[in-house]
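*Asks:* Structure provided below as structure tokens; questions to follow.
The values are calculated or read from the model by the stated rules, or taken from the named source; none is laboratory data. What you are looking at is a predicted structure, and each value in this text was computed from that prediction instead of being measured. For neighbour counting, all protein chains shown are included, and Cβ atoms are generated from backbone atoms with ideal geometry for every residue, glycine included.
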């Protein structure tokens, strides 16, 4: 991938001097000539000009500033180019360029009781989001917005209480947001009116596993009576009046409201694709939220989808998006819908989006005998049993490489950093994905496999939902039936059906995953035909639920283990050459597949429990001897028993590779490796500080402690971050809010503080308790 990206950049540079250059500038005019000294003003005018030149490459060069769109920029087959004669749309010499889907408001404000109001004279404006000086204001809501509070930045169980509804005079146009009962994503409803103390609502179709809304995790927005705190706003549609509670000087403020769902669209087809367009170095911002339009069910997964994003590509070939920034976007960021081939999305930064970051979703008509709901199944006598898809109206051979993705799913919760459905041969490589409400990477079903998930760094996942993983997949393909007895019969009597959809293996190689609220790798409900190799699972372990032909080899599971759930007979599953930190956690597993052996357990007791299940006859137990677990280097040293069972060291180069993105990316919290057995008198390393339990009368006397409790500091390494704050003979009694009686308490307290750079320790020193602030990273 690195080689092909370099070729692309090199080609652009070589061809640049022979290309036709068209310039635009916010200070230009569409009556100009489109030259450097006489630039056009809009992308629309530059696009029309570019269509005149088909003989060679055309560069549309955007000078610095903001371009406010009046409608989406739409590229069709008229803009398609021959290979080697592409259309290149980019910022001129890396100048800062914004493409916005918002309208600027020039208003006359009046103030009363701290609330500003202004009449809107411009007709037809959409008021769904409001930005003041680039900062998103909150629709007037209950409960009030509390940044960072888990689930919707604040929820309240009494949102639908009679007391609240009674005081809302005209709630029509409000939106109710709620988590799904089982925490499998969220719901949204539009309020149509009220009858007495009950709201009339429409919606709840945003999840493909329909249930009631969660009884506690709810909030409502766009309610006039809830305009009661700073940075809230409300728009009265009847009176065409905007209300805003703020302490910003509105006479000089830039006030904007998004007006369109997609800023840029590629509109082609499998028969007539749009080819060879590159978009580079542009910041895209301000697109509408689309949560009420998210209602198309996907194949028997938990997902529904809306096939629009800030950039929407349908029928594109070799459409390359490079080094762009996508922020403050209300819905999906990028959607590849139906036919797309050999497109590359690389070097981009995505943050603060309402829904998913990158979505691949093919045409259900390309699926043989599709089912859309969990409980549906096409009867065997009516099932199309031919291999693979019908036609080619789906994404294939596309690449998502070296992208920084975080803080997405801020409106919708059934979302992912990268989502793949009804697609084939998608490569997701060297991306860093974190701070997401659900999965970092999600594969919706087995159609049609061949994906390559490699070298990604995915962490801080499943922050607002449940029963999920940093990587998640479903496999409710043609063979899969909601009743297990029927599935068992199909698997036994018609095994050829299993790989009709999951026709090519999906590879999960050399990634680092961390999920503190689920599994690091979660292959759910029939996920089949996977090879999972050379991955580091930092917290949640690895789960394989019912499915076939999963090879799990040479992976490392820190502080967790393998979770096999309800396996089929003759599943062909393999689990070998892995390092686990505990005994497995099987649920209803009677048949252990093709091979579970040659793994390294942390201790003899765990190994013995596995062998009692008639598995792991050649596995061993012992310390894996990681080179530098404190720094996340889990390569093993010479002499480790892991080599004896066949484990091989692998490259630990995860996440983005561009220098600028590496600098911006948050770092994953490297966990402390928790010993299986804590020895009372053993000496442990605490970030370069040698410590032990205070256990003897002599130690108590030397420190002046009144009791034999706490953690005694024996030595502080000069290279430790605590070198200037912790001293030998200190006794650590508390870390943050966590009391410390033993070394185990100290290590567990440090694990819970991994996101912090500093923490306060309470120590006993010089015959008295005192507090010191120490560095953790």
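*Asks:* Give me a count of the residues in segment 749-777 that are in contact with a helix residue (DSSP H, G or I) (Cβ under 8 Å, 6 or more places away or on another chain) and under 20 Å from residue 701 (Cβ atoms).
*Replies:* 1
*Asks:* Of all residues in segment 623-642, count the ones that are in contact with a strand residue (DSSP E or B) (Cβ under 7 Å, 6 or more places away or on another chain) and over 21 Å from residue 777 (Cα atoms). Explain how you work it out, then say what you get.
*Replies:* Within segment 623-642, the first condition is being in contact with a strand residue (DSSP E or B) (Cβ under 7 Å, 6 or more places away or on another chain), and the residues that meet it are 624-627, 633-637, 641-642.
Still in the running and over 21 Å from residue 777 (Cα atoms): 624-625, 635-637, 641-642.
So the count comes out to 7.
*Asks:* Determine which single condition residue 526 fails, assuming it passes every other condition in (1) outside any strand (DSSP E or B); (2) closer than 19 Å to residue 443 by Cβ; (3) not assigned by TED's automatic domain parsing to the domain that holds residue 468.
*Replies:* Unmet for residue 526, out of (1) outside any strand (DSSP E or B); (2) closer than 19 Å to residue 443 by Cβ; (3) not assigned by TED's automatic domain parsing to the domain that holds residue 468: (3).
*Asks:* Here's something else I'd like to know. Within segment 198-231, how many residues turn out to be in a helix (DSSP H, G or I) and under 30 Å from residue 100 (Cα atoms)?
*Replies:* Going through segment 198-231, the residues in a helix (DSSP H, G or I) turn out to be 224-226.
Subset that is under 30 Å from residue 100 (Cα atoms): 224, 226.
Result for segment 198-231: 2.
*Asks:* Pairs please, first residue from segment 36-62 and touching a residue at least 60 places away in the same chain (Cβ under 8 Å), second anywhere and assigned to a helix (DSSP H, G or I) and surrounded by fewer than 22 Cβ atoms within 10 Å (Cβ to Cβ), Cβ atoms under 7 Å, 6+ apart in sequence or on different chains.
*Replies:* Note: pairs meeting the criteria are 62/92.
*Asks:* Let me ask something else. Just for segment 387-400: of the residues that are touching a residue at least 60 places away in the same chain (Cβ under 8 Å) and surrounded by fewer than 24 Cβ atoms within 10 Å (Cβ to Cβ), which one is farthest from residue 285 (Cα to Cα)?
*Replies:* 387
*Asks:* Which one is farthest from residue 759 (Cα to Cα), of the residues in segment 692-711 that are buried (at least 19 other Cβ atoms within 10 Å of the Cβ) and touching a helix residue (DSSP H, G or I) at 6+ places or on another chain (Cβ under 6 Å)?
*Replies:* 693
*Asks:* Taking only segment 82-98 into account, find how many residues are on the phi > 0 side of the Ramachandran plot and in a loop (DSSP other than H, G, I, E, B). Write out each step before concluding.
*Replies:* At the first step, the residues of segment 82-98 found to be on the phi > 0 side of the Ramachandran plot are 84, 93-94.
Within this subset, residues satisfying the condition of being in a loop (DSSP other than H, G, I, E, B) are 84.
Going through segment 82-98 one residue at a time, the tally reaches 1.
*Asks:* Check off (1) on the phi < 0 side of the Ramachandran plot; (2) modelled with pLDDT under 95 for residue 148 and give me the number that stays unchecked.
*Replies:* Of (1) on the phi < 0 side of the Ramachandran plot; (2) modelled with pLDDT under 95, only one is false for residue 148: (1).
*Asks:* Report, by residue number, each residue of segment 86-96 that is surrounded by 16 or more Cβ atoms within 10 Å (Cβ to Cβ) and either within 16 Å of residue 18 (Cα to Cα) or free of Cβ contacts under 8 Å to residues at least 24 places away in the same chain (or both). Walk me through how you get there before you give the answer.
*Replies:* In the first step, residues of segment 86-96 are kept if they are surrounded by 16 or more Cβ atoms within 10 Å (Cβ to Cβ); the result is 86-92.
Scanning segment 86-96 gives 86, 87, 88, 89.
*Asks:* Tell me whether segment 635-647 contains one or more residues that are under 32 Å from the mean Cα position of the chain (by Cα), free of Cβ contacts under 8 Å to residues at least 60 places away in the same chain and not assigned by TED's automatic domain parsing to the domain that holds residue 536.
*Replies:* Residues of segment 635-647 that are under 32 Å from the mean Cα position of the chain (by Cα), as a first pass: 635-636, 647.
Now narrow it down to the ones that are free of Cβ contacts under 8 Å to residues at least 60 places away in the same chain: 635-636.
Adding the requirement that they be not assigned by TED's automatic domain parsing to the domain that holds residue 536 leaves 635-636.
So far as segment 635-647 goes, yes, one or more of its residues are under 32 Å from the mean Cα position of the chain (by Cα), free of Cβ contacts under 8 Å to residues at least 60 places away in the same chain and not assigned by TED's automatic domain parsing to the domain that holds residue 536.
*Asks:* Just give me the residues in segment 648-666 being in contact (Cβ under 8 Å) with a residue 40 or more places away in the chain and either under 21 Å from residue 460 (Cα atoms) or buried (at least 16 other Cβ atoms within 10 Å of the Cβ) (or both), in sequence order.
*Replies:* Of all residues in segment 648-666, those in contact (Cβ under 8 Å) with a residue 40 or more places away in the chain come to 648, 650-658, 661, 664-666.
Result: 650, 652, 653, 654, 655, 656, 657, 658, 661, 664, 665, 666.
*Asks:* Is it the case that residue 381 is on the phi < 0 side of the Ramachandran plot and surrounded by fewer than 20 Cβ atoms within 10 Å (Cβ to Cβ)? Even if it seems obvious, please write down each step before you answer.
*Replies:* Values: on the phi < 0 side of the Ramachandran plot: yes; surrounded by fewer than 20 Cβ atoms within 10 Å (Cβ to Cβ): yes.
It is true that residue 381 is on the phi < 0 side of the Ramachandran plot and surrounded by fewer than 20 Cβ atoms within 10 Å (Cβ to Cβ).
*Asks:* Okay, moving on. Select the strands (runs of 3 or more DSSP E) contained entirely in segment 672-742, then report the ones holding at least 1 residues which are modelled with pLDDT under 90 and farther than 14 Å from residue 762 by Cα. Please lay out each step first, then the result.
*Replies:* Details: elements: 684-686, 689-693, 711-716, 731-735.
Qualifying strands (runs of 3 or more DSSP E): 684-686.
*Asks:* Next question. Only one of 243, 189, 234 is without any contact (Cβ under 8 Å) to a residue 60 or more places away in the chain, closer than 21 Å to residue 288 by Cβ, touching a helix residue (DSSP H, G or I) at 6+ places or on another chain (Cβ under 9 Å) and not in a loop (DSSP other than H, G, I, E, B); which? Break it down into steps so the answer makes sense when it comes.
*Replies:* Details: 243 fails: without any contact (Cβ under 8 Å) to a residue 60 or more places away in the chain; 234 fails: without any contact (Cβ under 8 Å) to a residue 60 or more places away in the chain.
Result of the check over 243, 189, 234: 189.
*Asks:* Could you list, in sequence order, all residues of segment 630-661 that are part of a helix (DSSP H, G or I) and modelled with pLDDT of 95 or more? Quick ask: steps written out before the conclusion?
*Replies:* Filtering segment 630-661 for residues part of a helix (DSSP H, G or I) gives 630-631, 641-644, 659-661.
Scanning segment 630-661 gives 641, 642, 643, 644, 659, 660, 661.
*Asks:* Can residue 199 be described as surrounded by 18 or more Cβ atoms within 10 Å (Cβ to Cβ), over 30 Å from residue 517 (Cβ atoms) and free of Cβ contacts under 8 Å to residues at least 40 places away in the same chain? Talk me through it step by step, then tell me what you get.
*Replies:* On the way: surrounded by 18 or more Cβ atoms within 10 Å (Cβ to Cβ): yes; over 30 Å from residue 517 (Cβ atoms): yes; free of Cβ contacts under 8 Å to residues at least 40 places away in the same chain: yes.
So residue 199 fits the description; yes.
*Asks:* Out of segment 271-297, which residues are within 30 Å of residue 205 (Cα to Cα) and not in a strand (DSSP E or B)? Break it down into steps so the answer makes sense when it comes.
*Replies:* First pass over segment 271-297, keeping only residues within 30 Å of residue 205 (Cα to Cα): 284-297.
288, 289, 290, 291, 292, 293, 294, 295 - these are the residues of segment 271-297 that are within 30 Å of residue 205 (Cα to Cα) and not in a strand (DSSP E or B).
*Asks:* Quick test for you: out of 257, 304, 312, pick the one residue that is assigned to a strand (DSSP E or B), within 27 Å of residue 88 (Cβ to Cβ) and either in the same structural domain as residue 179 (by TED's automatic domain parsing) or at pLDDT 95 or above (or both).
*Replies:* Numbers: 257 fails: within 27 Å of residue 88 (Cβ to Cβ); 304 fails: within 27 Å of residue 88 (Cβ to Cβ).
From the options 257, 304, 312, the qualifying one is 312.
*Asks:* While we're looking at this one, here's another question. For the structure I just gave you, tell me whether residue 526 is crowded, with 22+ Cβ neighbours inside 10 Å and in contact with a helix residue (DSSP H, G or I) (Cβ under 9 Å, 6 or more places away or on another chain).
*Replies:* Details: crowded, with 22+ Cβ neighbours inside 10 Å: yes; in contact with a helix residue (DSSP H, G or I) (Cβ under 9 Å, 6 or more places away or on another chain): yes.
Yes.
*Asks:* Just to be sure, is residue 599 more than 18 Å from residue 541 (Cβ to Cβ) and at pLDDT 95 or above? Steps first, please.
*Replies:* Numbers: more than 18 Å from residue 541 (Cβ to Cβ): no; at pLDDT 95 or above: yes.
No: the conditions fail for residue 599.
*Asks:* Among the residues of segment 743-777, write down those that are over 25 Å from residue 675 (Cβ atoms) and assigned to a loop (DSSP other than H, G, I, E, B).
*Replies:* Correct list: 757, 766, 767.
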